[in-house]
Amino acid sequence: MPLHNRSHNRWHNRFFTLLLACASLSAQAQVSAQDPWVRATVAQQKATGAFMQLTSTQDMRLVQVQSPVAGLAEVHEMTLQGDIMKMRAIGELALPAHRSVVLRPGSYHIMLLDLKQPLSAGDSVPLTLHFEGQGGQRQTLQLQAPVRALGAAPASAGHGGQHH
Ligand SMILES: [Cu+2]
């Protein structure tokens with residue numbers, strides 16, 4: 001049955017090529033986070049920001065964020081429109097290869113919404129970041145972000161008030 005053998009071999013080869021491709025893609029997916037932190041909240045405050053510096057060795061996108069302290073976590077962008085700082089949710093944040101993307105007050109940030117507890121300086125907030133690459137490769141990063149006092153960075157207008 002030469003015909004059967006040939007197609008079987010071809011299937012085999014394709015299967016192993018696929019396996020190798022997957023292995024090398026996931027080994028190359030390397031996003032790292034430096035200096036993550038979360039801004040402390042005051043009583044009744046239901047939203048705050050998480051900040052860090054993200055660097056990837058290849059083109060990746062931050063597509064989802066989760067934290068046990070927040071009912072919802074979104075990636076936000078803050079821009080100056082006239083005299084007013086405006087904040088909006090962006091579906092994903094592009095991380096071009098070898099270029100650091102800084103999440104900081106007044107710029108990109110992770111918005112932690114529907115907070116389940118107040119966050120005080122000295123606390124630690126677990127964050128799970130999900131990344132996706134061009135070829136569909138995925139990476140997950142688990143972080144422990146220390147909480148820093150409200151005055152540690154310049155206050156950005158509108159935070160916390162615009163969501164509810
Ligand atoms: Cu925000």
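FYI, it's all coordinate maths here, none of it is from the lab. Values in this document were obtained by computation on a predicted structure and should not be read as measured data. Positions of Cβ are backbone-derived with ideal geometry, glycine not excepted, and every protein chain shown enters the neighbour counts.
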Burial ranking of peptide ranges 34-44, 96-106 (average Cβ count within 10 Å, highest at the top): 34-44, 96-106
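How big is D, in µm² s⁻¹, for region 30-152 by Stokes-Einstein at 25 °C and 0.890 mPa s if Rh is the Kirkwood radius over C-alpha pairs? Mind dumping the intermediate values first?
Details: Rh = 14.7 Å.
Approximately 167 µm²/s, per Stokes-Einstein.
Would you mind calculating the gained length between Ile90 and Asp35 on full extension (0.36 nm times residue separation, minus the Cα-Cα distance), in nm to one decimal? Please report the intermediate quantities before stating the final value.
Working: separation 55, 0.36 × 55 = 19.80 nm, distance 2.21 nm.
Separation in residues times 0.36 nm, less the Cα-Cα distance, equals 17.6 nm.
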